[in-house]
Amino acid sequence: MSDKKRRAGAGAAAGGSASKKPRVSSAASYAESLRSKLRPDASILATLRALASACSKSKPAGASSSSKALAEDDPAANYIVVADQDSASVTSRINRLVLAAARSILSGRGFSFAVPSRASSNQVYLPDLDRIVLVRRESARPFANVATARKATITARVLSLVHAVLRRGIHVTKRDLFYTDVKLFGDQTQSDAVLDDVSCMLGCTRSSLHVVASEKGVVVGRLTFADDGDRIDCTRMGVGGKAIPPNIDRVSGIESDALFILLVEKDAAFMRLAEDRFYNRFPCIILTAKGQPDVATRLFLRRLKVELKLPVLALVDSDPYGLKILSVYMCGSKNMSYDSANLTTPDIKWLGVRPSDLDKYRVPEQCRLPMTDHDIKVGKEMLEEDFVKQNEGWVKELEMMLRTRQKAEIQALSSFGFQYLTEVYLPLKLQQEDWI
Amino acid sequence: MDASGDSAAGATKRKAPSAAAAGSKPKGKATSKASATAKESSLLKQKSPAEFFAENKNIAGFDNPGKSLYTTMRELVENALDSAESISVIPDIEITLEEITKNKFNTMIGLVDRDRIDEELYDDFESTKAREKRLAKEARFQETQAKNAALGKKVKEAPAARGKGRGDAAFFRVTCKDNGRGMPHDDIPNMLGRVLSGTKYGLRQTRGKFGLGAKMALIWSKMSTGLPIEIKSSMKGQKFISFCRLDIDIHKNVPHVHLHEKRENKDHWHGAEIQVIIEGNWTTHRSKILHYMRQMAVITPYAQFLFRFLSDSADKNLTIQFARRTDVMPPIPLQTKHHPSAVDLLLIKRLITETTKQNLLQFLQHEFVNISKSHAERLIGEMGPDFSAKMTVKSLTSQQLVRIHQLFRQAKFDDPSGNCLSPAGEYNLRLGIIKELHPDLVATHASSPQVFEGHPFIVEAGISIGGKDVKHGLNIFRYANRIPLLFEQGADVITRTALKRINWSSYKINQQQDKIGVFVSIVSTKIPFKGTGKEYIGDDITEISSAVQSALKQCCLQLKSKIVKKLQARERQDRKRNLNRYIPDVARAIMDTLGEIADESPPKRPRYDKEDEELLEKVNSQEVTEMTFRDCLTQHVEQVDYEMALEYAMQSGEALECFHKGEIPLESAAAAAELARDFAPEIECRWGDAGLEEIMADRSIAGVAVVLAGQVQVELSLKMLKAGKHVIQEKPASESTTEAETALSVYNSFPSQFPYKPIWALAENYRFEPAFVESRKLMNDIGDMMNIQVIIEGSMNSSNPYFNSSWRRNFVGGFILDMGVHFIAGLRMLVGSEIATVSSISRHVDKALPPPDNICSLFQLENGCAGVFVFAVNSRSPKILWRVDGTKGTVQIERGIDSGKHGYQVLFSSENAQCQKTFYPFCGVNEELKAFVHDILQANKDGGHKAEPRSSYVEGARDVAVLEAMLESSAKQGALVQVKKL
């Protein structure tokens, strides 16, 4: 079945190239001329296989080195690192907190929670671990202080709600949690923030609290896994793809014959790839979080990377945000720095669209956008980020972007035809191993 | 009055009504206009000054009838003020505006009122068509009114039926009566009937602008009504009242007297009353006139104004009394000589013609300020070879005068002093603002005299927040030489400074929302007015604008601290409510979870601590419920709030002390008073130094409590003791033993002027805590003392409310001394023996705390027993414990909580291994206050009464001595130190 599809795809590609008319401009004709540079798929696949096998071999070494770094530094002392925990141990931790608070109240001293500070000044990038971590610094959240009374109350309430959820062995979304006491929480950002606080206090991941975000990310491609026991074949998920389960615990039995994972920034590009059955031409798993990645998608990507040991290639916009999104996958976000160990997937290759591609593929001027002042500010900040500095290639690309003051979205390639992305750009990139 | 009638000034005024004077006074524009008229009629005509002003009446503020009414009134009021102030009498001024209808006016002048015959002749004639239209419109309006009324809507006022055209002229009789100097009988016609004659032409700070005063009003009355003015006047001690009715011959600039006679003065009245009938417009200038009166009342709080408006319709009538608030009047501005850098060529010439001095040296030395004899000699030397000190001043050529003028402009002179100025006074300004606006907050500032172009000036500023009849945003009150400026506000230096150069928000003032009153008064020998009407001060003189800005900033700074304190007070008030709001949520959350934990069957759930298990059992047995948590939390909030309130009161004590140093942070003290009202609703407050004096002088007050920052308590206590008050003072007794010793020797050296010796007691004294009183008794049962342990692990960190009072952090010896006196008092009370020697090591670990914050001390009592004293100011696990081991038993006192009450747990273990536990809640403060009151009562009955020794100041000083010895020892790396004996 997949063979048939692949043939159909190749046929379409061939048809597409044949039907191209010579009316196109010089840039477009150049872009078309690149098509001729494409070697047969088989040879590209060979390249990819080499990549995959290199990755699966080098991976154990990388994994062990990173875990070694953890052990040596004893990060628990200086940094807050949360871990997945079963509901029994989370429950007992909550019990202890609540009992202590209750006794404190009964003795007339009110109560206070020691909450790790998640302020941005407290979040540092550790080059050794190659991710953002949260420095251990606790601040008291006493009830009898106007500044913290409300937060202390919300914390007590969230603890009690999480306790109830865990005891019943169910999962709820952040939204569910918020709606249990709208009056107290005010708006969802508050209950969400306290939920993160609670994770830090208890030293467990947010999913261990059985509170999940609603689904955001989708996956499609050469992947099968069991979601809560149901077998899912991601090649049969249509164009929309399979929603990534918010609760990673439900996922088991991951199997795949893919050669790489393709991380896509946007929904539009994802749809193009899915509709063109790109994964059938080049066996891969295609993943998107539709913009800024949520926890579930990041967990899922990490899980795939760890279990399948596949290389991860990223297709993002050629603007500072594309890189920012990449950084969140790789090094974690400041907001979730306490859980960076579980959420980050290091060693993602930046496939495209890179600033250098704009000229290389002669993307027409009308498809490039001038960078706004804000873009440039963000870009300059990114240059200062340690994780960018670590990769020389990235620094060069970013400097180029800032120099030309131009940005472009993945969709800029559509100016050469809607399927240019899947038929020419990506295959050529893969063939040339043009990733950094 | 314009004419204060002294002969010296008379000399100057005689030459005034000449064409030259008229030409030099007004601005160039006016002169050119005059010359233009001269050209038109080739015939050379002379114009009298009166004529000139009659034609250019807008210069003097008589632009239109409304403005003329306003200007007439203000000229009369300002003259009246000047007149009263010139004889140092507190002004009492009555102003009456009486509206005279046209009919009445006609009768007055003997004109018969005629009815209109030819209606169409008149401007406001209404054609039949127009009339129908109007009636229809009115009918429609009434219809909608009725509808609205039926629907219960607010009924709109009927639109004022405005007549078409100019309408009738309105006439007013303006009367102004004062209690000033009055005028000499014979001078009255000239003083009022001749323009540009006056007494205000000397160089001094004056209210007037042109020196026209009432004369312009007279010209205006002549122009608009043709009626003469009436003057009644009497001088102090004069047996008669001069009555004069006159008008002015504008062309000749001479008075035209109708009647000039002496009348009886039965009431020994002195002052003047001027009555003038003019055309005016009350409707358009009503608010200006009232504003003027109000602003005048602000800047002149020592004057009393009675303003009346009378008319035929009673509902328009108005009587406003601006009451006097003070008797303190600014001094009369002094006449001064010119400053050399402020004179022009013409002025030099004039001074030379007028001077009585013969030679140049004397002329320079005596006709100018800031030129001494030697300075004058140097100046003459600098002028050139053709000048000499002895040369006759009147013989100087005009070239030589130019040379002098040039040198004056280039040479350096000392700035003129502000002595000749008479500012309103910061106090008067503040009083005026408070009296007229009743603001919530007010701050004032007076600058020191400054100089522009050789003229001294003083800026006084006030800013008020809130108040009645104040708009939101900036309300600017401008004063020049103590008269309000009402017109042409936009370009004025004060307005522009307030709007553009003050960043209100940085002083926590909201420029849009707050009701801000900005008051700036500038006084000078020359106000640099701008514009023809002299209604505003230009923004181009940097000296003035920066002086205004800095004065306003000073006020803002004062306000900022008050506003911040106010915000804090409000926050404190909200605190309890805010906290209580969350109690039910917390109680529910905790209880829900506890319930679930308790529900789990014991084998399944993990084991908890004993105390946790106990708690869960209580939950199961419903001994602990949601309500229990609510109650405990409510109590806790109550407790924290109480502590904060106490702390607040302490800070207010600081504020009281600040007041001694000249600042006025009354608000926090006021907040303390509010707090006190919770306990004693009838409490009376005394403020500031004066309040303190009052308290000291009040014989009915027998005792006072001094609760202030540690650094200043002793001084105030002694002051009170000296006044014969019994004093209970907050601990610590003193900052050092030296201070205590000095204080005690002062205390003991007081002459025995009272039948009793004033008691000096120390509060917050552990010697009254029942735990220590009872333990002291138990000590008899433990046999010989073997060793003593005192362990203090405090919890003084930045979240502790006491930490935030700055005086504690700046206190010598840090918290060790401030907190430590309690524990040493407890120790000395418990062991009943004095500490003889100590040896200690101290450390500074927590850098957020003042050093030292840890001390370990070995001590020996006079009875030989040794012990350790370990004190950590801030510890994670607070613990406070005294323990004495004896041969037969042990006594231990430990800080703890029992059934929600803080206090001390006393543990006594005796020989037979029995352990006796008793809990004593805190109540030492109540006990010591009881003892203090008891002592006062006894002392007043019996002069020889011995006060309760436990509360005596010397005991507290001994506590300080022990800690001081410990700190001293630690400074010497643990060397043995003898405790000072007191």
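For the pair B:SER448 and B:ASP415, the difference between a 0.36 nm per residue extended length and the Cα-Cα distance amounts to 10.6 nm. A Förster distance of 60 Å, applied to the separation of the beta-carbon atoms of A:SER104 and B:LEU290, puts the FRET efficiency at 0.40.
Considering every alpha-carbon pair of the stretch A:164-234, the percent of pairs per 5 Å bin, from zero through the bin containing the longest distance, is 3, 14, 19, 21, 15, 11, 10, 5, 1, 0. Beta bridges from DSSP with both residues in chain A: antiparallel share about 65 percent, rounded to the nearest 5. Over all orientations, the stretch B:837-977 has a Cα convex hull whose mean projected area works out to 12.5 square nanometres. Remark on A:GLY108: its backbone amide H falls under 5 Å from none of the residues 5 or more positions apart or on other chains, H modelled at 1.01 Å from N. Using C-alpha pairs below 8 Å separated by at least 6 residues, the relative contact order for the stretch B:765-978 is 29 percent. Residue order for B:MET383, A:MET382, fewest other beta carbons within 10 angstrom first, comes to B:MET383, A:MET382.
Work out how much length B:GLN399 to B:ASN510 would gain on full extension: take 0.36 nm times their residue separation and subtract the Cα-Cα distance, in nm to one decimal.
So the extension gain works out to 34.0 nm.
Under the combined filter of DSSP loop state and at most 11 neighbouring Cβ atoms within 10 Å, the stretch B:432-527 retains these trypsin sites (Lys or Arg not before Pro): B:LYS468, B:LYS471. A Förster radius of 25 Å, combined with the Cβ-Cβ distance separating B:LYS917 from B:ILE897, puts the computed FRET efficiency at roughly 0.95.
Taking all Cα pairs closer than 8 Å and separated by 6 or more residues, the relative contact order of the stretch B:461-616 comes to 27 percent.
Report the label-to-label distance for B:LYS349 and B:ARG204 in nanometres (one decimal), using points 7 Å from each Cα along the Cα→Cβ vector. Rounded to a tenth, the inter-label distance reads 2.8 nm.
When peptides B:216-224, B:536-544 are sorted by average Cβ neighbour count within 10 Å, with the highest value leading, the order is B:216-224, B:536-544.
Stretching A:ASP228 away from A:ILE376 to a fully extended chain increases their span by 48.8 nm, per 0.36 nm per residue minus the current alpha-carbon distance. Spin-label model, B:ARG140/B:ILE695: points 7 Å from Cα along the beta carbon direction are separated by 7.3 nm. Summarised as an ellipsoid, the stretch B:340-410 has semi-axes of 14, 13, 13 Å, derived from the eigenvalues of the Cα gyration tensor scaled by 5 and square-rooted, with the largest first.
Of the trypsin sites (Lys or Arg not before Pro) in the stretch B:245-293, which ones lie in a loop per DSSP and count no more than 16 other C-beta atoms within 10 Å? Could you put the intermediate results ahead of the total?
Values: sites: B:ARG245, B:LYS252, B:LYS262, B:ARG263, B:LYS266, B:ARG286, B:LYS288; in loops: B:LYS252, B:LYS266.
For trypsin sites (Lys or Arg not before Pro) across the stretch B:245-293 that sit outside H, G, I, E and B with at most 16 neighbouring Cβ atoms in 10 Å, the list reads B:LYS252, B:LYS266.
Of the trypsin sites (Lys or Arg not before Pro) found in the stretch A:208-309, not one falls in a DSSP loop while having at most 10 other beta-carbon atoms within 10 Å.
Taking a Cβ cut-off of under 12 Å around A:GLY393, the surrounding Lys, Arg, Asp and Glu residues balance to a net charge of 0, with basic ones at +1 and acidic ones at -1. For chain A, the mean residue ellipticity at 222 nm estimated from helices alone is -15500 deg cm²/dmol, where every DSSP H run of n ≥ 4 contributes -39500 (n - 2.57) and the total is divided by all residues, rounded to the nearest 500. When Rg and Dmax are taken over the Cα atoms of the stretch B:228-378, they come to 23.7, 72 Å. Sorting the segments B:579-585, B:970-976 by their residues' average number of neighbouring beta-carbon atoms within 10 angstrom, most packed first, yields B:579-585, B:970-976.
Ratio of alpha-carbon Rg to the 2.2 N^0.38 Å globular estimate for the stretch B:721-803, to two decimals, please. Mind showing how you got there, number by number?
Numbers: Rg = 18.4 Å, N = 83, 2.2 N^0.38 = 11.8 Å.
In units of the 2.2 N^0.38 Å rule of thumb, it is 1.56.
Principal semi-axes of the equivalent ellipsoid, √(5λ) from the alpha carbon gyration tensor of the stretch B:67-150, are 47, 25, 11 Å from largest down. Across all directions, the average flat footprint of the convex hull enclosing the Cα atoms of the protein assembly as shown is 88.9 nm².
Using a Förster distance of 35 angstrom, determine the FRET efficiency expected from the C-beta separation of B:SER88 and B:LEU557, and round it to 0.05. E(calc), rounded to 0.05, equals 0.50. When each of B:SER88, A:SER160 is scored by the number of other beta-carbon atoms lying within 10 Å, the sequence from fewest to most is B:SER88, A:SER160. Pairwise inverse Cα distances across chain A, averaged and inverted, put the Kirkwood hydrodynamic radius at 23.5 Å.
With contacts taken as Cα pairs under 8 Å at a separation of at least 6 residues, chain A carries a relative contact order of 18 percent. Residues whose amide H comes within less than 5 Å of that of A:ARG222, counting only those at least five positions distant or on another chain, are A:CYS284, A:ILE285, A:ILE286 (H built at 1.01 Å from N in the peptide plane). Calculation over all alpha carbon pairs of the stretch B:407-533 in 5 angstrom steps from 0 returns a P(r) of 2, 10, 19, 20, 20, 13, 9, 4, 2, 2, 0 percent. Distance between the modelled labels on B:SER388 and B:HIS366, one decimal in nanometres: 2.1 nm (7 Å Cα→Cβ projection). Over all Cα atoms in the stretch B:447-594, the spread is summed up by Rg and Dmax: 22.4, 84 Å.
Once Rg and the Kirkwood radius are both taken over the C-alpha atoms of the stretch B:552-598, their ratio Rg/Rh works out to 1.48. For a straight C-alpha distance cut-off of 16 angstrom, no aspartates and glutamates are reachable from B:LYS610 once same-chain residues fewer than eight places away are disregarded. How large is the direction-averaged shadow of the alpha-carbon convex hull of the stretch A:316-436, in nm²? With the hull built on Cα positions only, its mean projection is 7.8 nm². Legend: mean number of C-beta atoms from other chains within 10 angstrom of residue C-beta atoms, peptide A:156-168, equals 4. Residues B:ASP514, A:ASP359, B:ASP440, A:ASP373 in ascending order of nearby Cβ atoms (within 10 Å, fewest first): A:ASP373, A:ASP359, B:ASP440, B:ASP514.
Ordered from longest to shortest, the equivalent ellipsoid semi-axes for the stretch B:231-313 are 28, 22, 13 Å, each the square root of 5 times a Cα gyration tensor eigenvalue. Remark: mean inter-chain Cβ contacts per residue of A:386-393 equal 0, using a 10 Å Cβ-Cβ cutoff to other protein chain atoms.
Bear in mind these aren't lab numbers, they're just calculated from the coordinates by the rules spelled out. Not measured: the values here are computed from a predicted model. Because the Cβ atoms are built from the backbone with ideal geometry, glycine has one as well, and the counts that use them run over all protein chains shown.
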